[in-house]
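Inspection log for the structure reproduced underneath, given as structure tokens.
Coordinate-derived values only; no laboratory data. Predicted model only: the values in this text are computed from it and were never measured. Note: ideal-geometry Cβ built from the backbone for every residue, glycine included; neighbour counts use all protein chains shown.
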Amino acid sequence: MSGNLWVWEEEELLALRKAFAALKARQRQAERVSQRRMAAELGVSVTTLNAYMTGKRALDMKFALMFERLTGIPTRSYSPRLADEIETSKHQRKPAV
């Protein structure tokens, strides 16, 4: 990896990349999403998406939520830590007044 991440962050990234590779292997070529389209649907630049996927940027809750919505890959499958953060944040939200 890049050397910028903690070991546990690298492990999360490797698990994410493995899950994403398995998803791509199950998809037909026509179903696969290009990096440009994926970045657009995630609401980030291609550079930012690349930084997440190559370990130059640690995975965070915002990315995990968007990635799960786009790919259907459960966050818990690659990062129990982020899945727990997401679950906790759902319970801490205050109702609108």
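Please give me, ordered by residue number, the chymotrypsin sites (Phe, Trp or Tyr not before Pro) of the stretch 1-90 that lie in loop per DSSP and have at most 16 other Cβ atoms within 10 Å. Write out the running numbers ahead of the final one.
On the way: sites: Trp6, Trp8, Phe20, Tyr52, Phe63, Phe67, Tyr78; in loops: Trp6, Tyr78.
Passing both the DSSP loop test and the Cβ count: Trp6.
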From the helices alone, meaning DSSP H stretches of at least four residues, give me the mean residue ellipticity at 222 nm for the chain, per-run term -39500 (n - 2.57), in deg cm²/dmol to the nearest 500.
-19500 deg cm²/dmol
What relative contact order, as a whole-number percentage, does the chain give when Cα pairs under 8 Å and 6 or more residues apart are counted?
34
Assigning unit charges at the beta carbon (Lys, Arg +1; Asp, Glu -1) and nothing else, what dipole magnitude in debye, to the nearest 20, does the chain show about its Cα centre?
420
A correct Karplus calculation of ³J(HN,Hα) over the stretch 13-29, with 6.51 cos²θ - 1.76 cosθ + 1.60, θ = phi - 60°, whole Hz and x for Gly and Pro, returns 4, 4, 5, 4, 5, 5, 5, 5, 4, 5, 4, 4, 5, 7, 8, 6, 3
Give me the base-10 log of I(q)/I(0) for the chain at each q in 0.11, 0.20 Å⁻¹, Debye formula, one uniform scatterer per Cα, rounded to two decimals.
-0.35, -1.04
Provide, for the chain, the number of lysine pairs with alpha carbons under 24 Å apart, each pair being eight or more places apart or on different chains.
6
For the chain, set up a Gaussian network in which alpha carbons nearer than 10 Å are linked by springs, and say which option among Ala25, Ala58, Ala39 fluctuates the most.
Ala25
